[in-house]
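Structure first, then comments.
The values are calculated or read from the model by the stated rules, or taken from the named source; none is laboratory data. Because the structure is a prediction, the values reported are computed rather than measured. In this analysis, Cβ positions are derived from the backbone assuming ideal geometry, glycine residues included, and neighbour counts consider all displayed protein chains.
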Amino acid sequence: MILTASFPSADTPPAITLAHYRALITGVAHAGLDAALFVRSPGPATPMLDGAPLIAALASVPVGIGLGASVPLDHTEPFHLARAFAAIDRLTGGRSAVIVDLTAGVERAAQFGHVAPPDDPDARAVECLETTAKLWDSWEDDAILVDRPGGLFTNPDRIHRINHEGMYFTVRGPLNAPRPLQGWPVIIVPVASAESRSFAAQFADVALIAPTTRDAAQSACAAIREQVAGHGRRLQAIRILVDLVPILGATTAEAQRRADAIGQHGSALQFVGTPSQLRTMMREWDAVGACDGFNLLPHDPPVDFGLLATLPHTPDAAGMTLRDRLRLPRPVNRYAA
Amino acid sequence: MYIGQQLHFGLFIYPGGHHIAAWRHPDAASEQVTELDYFRRCALACERGKFDSLFVGDALAARESRGRVVGEVAINNLDPVSVCAAVASVTEHLGVVATLSTSFHEPFLIAAKFATLDHLSGGRAGWNVVTTSQDQAAANFGREPHMEKSLRYERAQEFVDVVRALWDAGERPIAHRGRFFQVEGSLGLPRPPQGRPVLVQAGGSPPGRAFAASIGEAIFTAPTTLPEAQAFRADIHALMAACGRRPETVKILPGFSPILGSTMAEAQRKEVELDELVHPRVGTWMMSEYLKFPLYDLSPDAPVPAADVRAANPDLSPAAGAFLDRCVREALTIAHGGRILARSRTHQSFVGTPETLADHMQTWLTQGGCDGFNLLPAWFPAELDLFVDEAVPILQRRGIYRHDYAGPTLRSHLGLAVPEPVLAAA
Ligand SMILES: Cc1cc2nc3c(=O)[nH]c(=O)nc-3n(C[C@H](O)[C@H](O)[C@H](O)COP(=O)(O)O)c2cc1C
């Protein structure tokens with residue numbers, strides 16, 4: 001079962017320090033989770049902390065977990081996105097994830113400098129990600145030689161122009177950076193609409209869904225899987241995680257007291273109980289195939305992850321890529337002979 | 001003439017080293033150039049040497065020769081903002097300067113990127129503002145042909161105005177309507193710890209110099225002689241005065257590529273060893289790119305066809321023009337010119353002992369040629385370590401270089417104040 005933790009950008013601390021984020025992801029790793037995701041909260045006024053440099057700065061924290069950051073896909077240029085994540089994936093040793101944000105360009109059109117948002121932001125986002133993936137593929141995995149005696153650092157036969165000409169982008173390529181260690185970073189898509197579901201079915205390695213019951217989760221998963229199959233993708237190529245707010249306590253009573261104090265925040269599914277009760281619940285969902293895991297949205301990360309860390313779990317594995325950890329296939333390079 | 005009292009150093013990091021063939025040297029860390037440990041190692045050397053900053057350049061197109069990637073040279077730097085974020089996370093004092101182009105980005109996201117970097121680093125971020133001279137970049141953004149040069153700088157000026165307004169406003173909204181950009185809104189972030197991340201500029205053309213004098217707080221340049229350096233510095237100071245700026249508010253940092261030895265003979269031997277590693281094809285390619293004229297069909301031993309180059313390129317950059325003059329003056333062949341470019345891409349190169357290096361730097365400082373240097377070690381990390389461990393202590397003993405950092409931010413290293421926010425009337 002896959003477990004991730006999400007930190008919404010709306011919760012940016014008053015003093016934005018690296019120490020804060022280091023502590024946060026160390027807590028995630030100690031709790032036995034697989035990845036920490038920095039997700040842009042919807043809305044035109046949420047802080048514009050850029051998740052990409054944030055996860056690059058967290059690459060040096062000695063934990064093995066994955067690190068994801070939101071990217072405004074309906075606004076970004078493919079070359080910039082490909083170049084930034086080619087770097088981040090190398091710097092993190094293959095632990096990076098792109099979290100697809102399909103609404104930033106619409107919600108923030110005025111800030112980004114558009115008089116009007118792009119006429120079809122979803123089509124632009126699809127083409128942006130497709131073009132970005134071509135750029136990642138423009139270097140084959142064996143393009144770097146470092147052949148000192150032969151005098152070749154790279155093998156030009158393994159580096160390709162992409163010559164992309166589409167509706168929204170014209171990009172010649174190749175990228176001027178080697179292919180990410182994982183081939184492509186893990187692509188994560190929060191599903192909140194028919195458009196984002198369709199996007200997830202085409203591209204997502206990981207889809208995040210927000211049902212409020214187990215039955216709803218089961219049918220949401222089935223709907224996504226059906227669309228995934230419709231795109232000719234194997235069902236094992238996608239992991240579907242359910243958003244869950246854990247409100248934990250050492251005892252049921254303590255958890256309930258916290259829940260009463262916190263109240264209901266947002267519409268996501270809440271779980272109130274002890275860490276071992278949470279684990280039981282997750283196993284039950286897993287057993288009936290309601291999802292592949294959970295994306296935890298902690299109300300108080302140090303408290304909730306501290307409690308989760310008391311459960312027995314396998315220690316955080318270092319030296320593994322995020323794709324390996326999630327048992328996701330490595331993308332085949334379209335240019336490899 | 002304003003004379004600085006203390007030298008300032010920044011490291012220009014580059015995969016393998018600044019000598020184009022350095023990556024072939026057995027001591028160069030060429031296999032590691034995409035790994036965090038490579039950057040960590042170089043960054044810790046900079047901090048040991050009390051440098052102001054580590055600087056990462058940028059390019060937005062692969063290096064090609066006649067439509068094919070040039071395999072004989074190392075890869076480009078990785079994405080600068082990502083590298084700078086990683087470097088900031090493994091250091092405590094060192095400034096981090098990332099290059100981003102105003103020609104191929106939009107101001108809102110760039111303001112957000114540098115605000116993020118400045119917050120996370122606790123006030124150590126700088127932005128090298130470039131307009132991108134590499135024409136091929138336009139093909140990666142559907143914007144061929146690249147804008148005409150004066151327009152690039154007009155866009156750059158407005159771009160910087162918008163970014164500064166967004167930083168100054170912090171969580172309050174701005175409303176900008178200009179020729180290139182319309183931006184209404186706010187970053188929703190507190191003002192960055194430095195008020196504004198430090199602005200670095202390296203334009204060499206007349207509009208480039210004017211832009212540097214108007215916004216630059218550190219300026220990179222590439223003079224090879226002291227008179228050239230003095231003239232450039234005096235010109236920038238005069239242009240600054242015309243904008244109402246004082247000369248102490250900028251650090252002018254010529255590029256400087258050292259190869260050090262414990263004796264002159266040892267240093268020279270090292271340079272020859274590196275020069276012999278330059279592939280002849282690379283020399284011809286570098287000359288063709290730099291002079292914007294294809295030389296591939298000529299023999300490497302042919303003289304540089306200066307008249308043809310000029311006829312084909314009436315608006316050659318001042319730096320390339322000066323280099324072409326030198327080729328004529330010294331009757332250089334294409335191969336010889338290629339070796340000069342291979343050594344340090346026309347930045348000043350230096351071969352000698354730590355003592356003679358200290359003499360040289362002291363002269364440039366006290367004669368008003370510079371406020372410090374942008375260091376381009378021939379290869380990494382060995383030449384960087386040599387400079388830090390052998391040359392820096394001599395400069396410290398002579399009282400022209402700091403023994404320790406005076407403060408925690410890049411502005412404090414550069415002796416720059418936090419700028420007052422300029423806020424539009426509400
Ligand atoms: C030390 C130094 C570093 C530079 N680094 C970059 C760089 O990383 N990316 C870039 O596009 N231009 C870089 N430049 C080029 C200039 O910033 C400028 O764009 C170029 O000189 C063209 O402008 P000009 O026509 O005004 O000279 C650098 C220049 C110098 C002297």
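Assorted remarks:
- Looking at B:Asp325, B:Asp371, B:Asp315, just one residue is among the charged types (D, E, K, R) and away from the ligand (no atom under 16 Å from the Cβ), and that residue is B:Asp325.
For every residue, the table says whether it meets (1) assigned by TED's automatic domain parsing to the domain that holds B:Val282; (2) of a type in the set (S, T, N, Q); (3) in contact with a helix residue (DSSP H, G or I) (Cβ under 8 Å, 6 or more places away or on another chain).
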residue	(1), (2), (3)
B:Glu355	no, no, yes
B:Gly368	no, no, yes
B:Leu375	no, no, yes
B:Glu383	no, no, no
B:Thr409	no, yes, no
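- Sole exception among (1) in the same structural domain as B:Phe380 (by TED's automatic domain parsing); (2) away from the ligand (no atom under 16 Å from the Cβ) for B:Asp79, by number: (2)
- Residue check for B:Ala45: in contact with a Leu (Cβ under 6 Å, 6 or more places away or on another chain), buried (at least 24 other Cβ atoms within 10 Å of the Cβ) and either within 22 Å of B:Pro193 (Cβ to Cβ) or in the same structural domain as B:Ser133 (by TED's automatic domain parsing) (or both): no
- Restricting B:Thr132, B:Thr116 to those that are more than 15 Å from the ligand (Cβ to nearest atom), of a type in the set (S, T, N, Q) and buried (at least 20 other Cβ atoms within 10 Å of the Cβ) reduces the list to B:Thr116.
- Test result for B:Arg164, in contact with a strand residue (DSSP E or B) (Cβ under 6 Å, 6 or more places away or on another chain), more than 16 Å from the ligand (Cβ to nearest atom), charged (D, E, K, R) and under 28 Å from A:Ile55 (Cα atoms): no
- Exactly one residue out of B:Leu199, B:Leu187 is assigned to a strand (DSSP E or B), surrounded by 20 or more Cβ atoms within 10 Å (Cβ to Cβ) and more than 9 Å from the ligand (Cβ to nearest atom): that is B:Leu199.
- Hey, A:Ala250 farther than 30 Å from A:Ser96 by Cβ and of a type in the set (A, V, I, L, M) or not: yes
- Qualifying residue in the stretch A:125-139 (condition: surrounded by fewer than 17 Cβ atoms within 10 Å (Cβ to Cβ), free of Cβ contacts under 8 Å to residues at least 40 places away in the same chain and within 30 Å of B:His25 (Cβ to Cβ)): no
- Figure legend. Inter-residue proximity from the stretch A:1-29: first residues within 24 Å of A:Ala104 (Cβ to Cβ), second residues at pLDDT below 95 and among the hydroxyl-bearing types (Ser, Thr, Tyr), beta-carbon distance below 9 Å, spacing 6+ or different chains. Indicated pairs: A:Pro8/A:Ser41; A:Pro8/A:Thr46; A:Ser9/A:Ser41; A:Ser9/A:Thr46; A:Ala10/A:Ser41; A:Ala10/A:Thr46; A:Asp11/A:Ser41; A:Thr12/A:Thr46.
- The stretch A:247-289, subset of a type in the set (S, T, N, Q) and not in a helix (DSSP H, G or I), residue farthest from the chain's Cα centre (by Cα): A:Thr251
- Residue under evaluation B:Pro145, criteria (1) away from the ligand (no atom under 13 Å from the Cβ); (2) closer than 21 Å to B:Met1 by Cα, criterion not met: (2)
- Of the residues making up the stretch B:202-231, those that are within 8 Å of the ligand (Cβ to nearest atom) and among the hydroxyl-bearing types (Ser, Thr, Tyr) are B:Ser205, B:Thr221.
- Residue ID - nearest to B:Pro190 (Cα to Cα), chosen from residues in the stretch B:97-113 that are within 13 Å of the ligand (Cβ to nearest atom) and touching a Gly at 6+ places or on another chain (Cβ under 7 Å): B:Val97
- Residue within the stretch A:114-134 that is in a loop (DSSP other than H, G, I, E, B) and facing chain B (nearest Cβ under 9 Å) present: yes
- Restricting the stretch B:234-246 to residues that are away from the ligand (no atom under 14 Å from the Cβ) and assigned to a helix (DSSP H, G or I), the residue that is farthest from the other protein chains (Cβ to nearest Cβ): B:Ala234
- Looking only at the stretch A:156-175, and only at residues there that are at the interface with another protein chain (Cβ under 7 Å from one of its Cβ atoms) and in a strand (DSSP E or B), the one that is nearest to A:Arg334 (Cα to Cα): A:Ile159
- Restricting attention to the stretch B:65-101, the residues that are of a type in the set (Lys, Arg) and at the interface with another protein chain (Cβ under 9 Å from one of its Cβ atoms) add up to 1.
- Residues that are free of Cβ contacts under 8 Å to residues at least 60 places away in the same chain and either more than 21 Å from B:Thr221 (Cβ to Cβ) or buried (at least 21 other Cβ atoms within 10 Å of the Cβ) (or both), drawn from the stretch B:344-388: B:Glu355, B:Ala358, B:Asp359
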